[in-house]
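The structure appears right after this line, and notes come after that.
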Amino acid sequence: GQLPTWLQGILLRNGPGMHTIGDTKYNHWFDGLALLHSFTFKNGEVYYRSKYLRSDTYNCNVEANRIVVSEFGTMAYPDPCKNIFAKAFSYLSHAIPEFTDNCLINIMKTGDDFYATSETNFIRKINPQTLETLEKVDYSKYVAVNVTTSHPHYDSAGNILNMGTSIVDKGKTKYILFKIPPSVPGEIYFLSVFSLVCSIPSSSLLHPSYYHSFGITENYIVFIEQPFKLDIVKMATAYIRGVNWASCLAYHKEDKTWFHFVDKKTKKEVSTKFYTDAMVLFHHVNAYEEDGHIIFDIIAHTDNSLYEMFYLKNLSKDLEENNKLTSIPTCKRFVVPLQYDKDAEVGSNLVTLPSTATAVKEKDGSIYCQPEILCEGIELPRINYDYNGKKYKYVFATEVQWSPVPTKIVKFNVQTKEMLHWGEDHGWPSEPIFVPSPDAREEDDGIVLTCVVMSDPKAAPFLLVLDAKTFKELGRATVDVEMHLDLHGMFIPEKDLKTETE
């Protein structure tokens with residue numbers, strides 16, 4: 001096929017790439033050492049390269065020829081890179097282990113620089129053109145967080161907004177929203193500019209909620225405190241007890257899920273208590289405001305089986321047959337009235353927009369929200385980011401039915417509920433990334449990029465380029481390498497790449 005002439009830049013993606021070191025194996029797919037790979041588009045041609053992230057974790061493991069740094073699903077013994085005993089026996093507030101810098105989940109842009117990220121307090125700067133690993137930045141030096149999300153948001157001024165959890169700091173556990181301005185020329189600058197936007201107290205000191213992303217509208221931050229929680233005491237003693245950190249996460253299906261809305265200007269949380277039933281979510285799709293309501297779309301699961309599925313012992317079984325999710329992910333829309341009649345009767349629905357989503361006033365003044373179901377069976381959602389925080393139409397996502405591995409990608413219209421699919425036998429596509437065309441007038445003017453790994457060993461993997469409007473294939477670039485299944489990434493237009501002096 002043919003690539004659009006305007007497509008110039010780099011698709012940069014990240015994910016776990018090495019699961020065996022010497023005679024040792026990781027337990028969980030999400031533990032593998034980060035492998036970056038990129039597709040560079042230049043004058044109608046595509047160049048591929050991949051390189052392991054040379055993190056301290058990677059270097060320690062490779063040098064020892066075994067796993068010596070613990071990951072979320074794999075505890076390493078003994079862990080010579082860290083003096084864990086000194087930490088675990090000190091006070092609880094210092095008992096959070098030092099985490100890995102194996103940044104394998106996503107790519108983040110700050111100013112002209114790019115970082116590989118995961119959910120720990122470390123990020124690693126990388127060169128997007130050569131995939132070389134550069135310096136390590138520790139968030140916890142600048143803001144009291146122990147874990148962060150790898151799905152930050154970017155505002156129109158180029159600031160990064162991200163959230164992290166501050167565990168038992170000064171006797172409190174809280175969720176912290178922080179901001180990094182766009183121009184970050186290195187470490188010294190970080191210290192002076194990292195700013196704390198606000199904090200939300202955790203409803204439990206020793207059981208903070210796990211979260212993978214958050215939402216943002218023009219005026220508000222949308223944070224969901226779900227009953228999928230981390231047990232801090234278990235985590236602090238995991239090493240001594242000989243268990244992995246993942247075993248310290250538990251889903252409490254009898255608990256509520258709380259919605260928090262923080263006003264970006266006043267930095268204060270909306271005082272009304274909004275909640276819904278127990279659920280597990282990893283990905284927010286988008287959020288926006290309309291007539292005094294906040295509308296937010298998320299991908300929700302009824303339990304945490306998705307994480308369990310990716311233990312390698314489960315993946316090595318015949319995937320299609322044995323590996324069934326116990327819940328299909330569901331795209332849900334919540335409509336939350338921020339402005340409503342305070343004298344409304346108990347039991348009345350406060351949503352005044354046309355939607356099947358409800359928000360019912362309870363006796364104690366809290367508001368119980370029920371969603372509108374938009375569609376089922378999609379994950380790894382992406383949108384045209386120019387519409388982030390605004391009313392929008394389209395979600396690009398992977399289709400997952402009962403198996404954890406996607407077999408198709410879809411374009412879903414949240415307004416009409418229409419869905420377009422692209423799939424190929426034995427093909428496992430990655431998260432689809434939308435790239436707007438330079439003269440875009442409409443939300444879906446542009447292309448969608450995805451890398452497709454083949455489950456048939458004879459078939460080569462390829463990069464796929466679809467017309468975002470019609471979802472028809474424009475072209476593909478086949479790569480004769482063993483490509484890995486990755487997680488997240490971004491497209492970097494040519495204008496955002498620093499011209500190398502070399």
Across (1) modelled with pLDDT of 90 or more; (2) more than 29 Å from residue 31 (Cβ to Cβ); (3) of a type in the set (A, V, I, L, M), residue 487 clears everything bar (2)
Suppose the filter is closer than 29 Å to residue 275 by Cβ and in contact (Cβ under 8 Å) with a residue 40 or more places away in the chain; does residue 436 pass it? no
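Does the stretch 268-281 include one or more residues that are loosely packed, with under 15 Cβ neighbours inside 10 Å, assigned to a loop (DSSP other than H, G, I, E, B) and modelled with pLDDT of 90 or more?
Yes, because at least one residue in the stretch 268-281 is loosely packed, with under 15 Cβ neighbours inside 10 Å, assigned to a loop (DSSP other than H, G, I, E, B) and modelled with pLDDT of 90 or more.
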Among strands (runs of 3 or more DSSP E) entirely inside the stretch 395-454, those with 2 or more residues being touching a Pro at 6+ places or on another chain (Cβ under 8 Å) are 408-413, 419-423, 427-429, 446-454
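Please determine whether any residue of the stretch 187-207 is part of a loop (DSSP other than H, G, I, E, B), closer than 23 Å to residue 300 by Cβ and in contact with a Pro (Cβ under 6 Å, 6 or more places away or on another chain).
Yes, there is a match, as at least one residue in the stretch 187-207 is part of a loop (DSSP other than H, G, I, E, B), closer than 23 Å to residue 300 by Cβ and in contact with a Pro (Cβ under 6 Å, 6 or more places away or on another chain).
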Subset of the stretch 382-391, residues surrounded by fewer than 22 Cβ atoms within 10 Å (Cβ to Cβ) and either over 14 Å from residue 431 (Cβ atoms) or touching a helix residue (DSSP H, G or I) at 6+ places or on another chain (Cβ under 7 Å) (or both), comes to 386, 387, 388, 389, 390, 391
Taking the stretch 318-346 and keeping only residues that are among the charged types (D, E, K, R), open to solvent by 100 Å² or more (accessible area, probe 1.4 Å) and at pLDDT below 90, one is left with 321, 324, 342, 343
Expected output for the stretch 265-276 (first residue under 13 Å from residue 364 (Cβ atoms) and basic (Lys, Arg), partner open to solvent by less than 100 Å² (accessible area, probe 1.4 Å) and outside any strand (DSSP E or B), Cβ below 9 Å, 6+ apart or cross-chain) is 273/362; 273/365; 273/366
Over the stretch 239-253, the set of residues over 18 Å from residue 311 (Cα atoms) and of a type outside the set (Val, Ile, Thr) is 239, 241, 252, 253
The residue that is surrounded by the most Cβ atoms within 10 Å (Cβ to Cβ), considering only those in the stretch 59-77 that are under 22 Å from the mean Cα position of the chain (by Cα) and of a type outside the set (S, T, N, Q), is 71
Residue pairs qualifying under the 6 Å Cβ cut-off, at least six apart or on distinct chains, with the first in the stretch 32-46 being small (Gly, Ala, Ser) and the second being open to solvent by 10 Å² or more (accessible area, probe 1.4 Å) and assigned to a strand (DSSP E or B), are 32/17; 32/18; 38/49
Quiz item: Condition test on residue 452, is it closer than 24 Å to residue 18 by Cα, β-branched (Val, Ile, Thr) and surrounded by 20 or more Cβ atoms within 10 Å (Cβ to Cβ)?
Solution: yes
Kindly check whether there is at least one residue in the stretch 248-259 that is open to solvent by 50 Å² or more (accessible area, probe 1.4 Å) and in contact (Cβ under 8 Å) with a residue 60 or more places away in the chain. no
Do we have any residue at all in the stretch 393-411 that's in contact (Cβ under 8 Å) with a residue 24 or more places away in the chain, surrounded by fewer than 20 Cβ atoms within 10 Å (Cβ to Cβ) and closer than 30 Å to residue 262 by Cα? yes
Taking the stretch 438-449 and keeping residues out of contact with any Lys or Arg (no Cβ under 6 Å at 6 or more places or on another chain) and surrounded by 14 or more Cβ atoms within 10 Å (Cβ to Cβ) leaves 440, 445, 446, 447, 448, 449
Scanning the stretch 142-179 for residues that are open to solvent by less than 30 Å² (accessible area, probe 1.4 Å), closer than 24 Å to residue 491 by Cα and aliphatic (A, V, I, L, M) gives 160, 161, 163
Contact list, first residue from the stretch 3-18 and within 18 Å of residue 498 (Cα to Cα), second anywhere and modelled with pLDDT of 95 or more and among the polar types (S, T, N, Q), beta-carbon distance below 6 Å, six or more apart or interchain, is 10/38; 10/40; 12/38
When the stretch 109-141 is checked residue by residue, the ones that are part of a loop (DSSP other than H, G, I, E, B), surrounded by fewer than 21 Cβ atoms within 10 Å (Cβ to Cβ) and on the phi < 0 side of the Ramachandran plot are 112, 127, 129, 130, 132
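The values are calculated or read from the model by the stated rules, or taken from the named source; none is laboratory data. Everything numeric here is computed off the predicted structure, so don't read it as measured data. Using ideal geometry, Cβ is built from the backbone for each residue, glycine included, and neighbour counts are taken over all protein chains shown. Heads up: the accessible areas ignore ligands, DNA and RNA and are worked out on the full protein's heavy atoms, side chains in. Shrake-Rupley method; radii C 1.70, N 1.55, O 1.52, S 1.80 Å.
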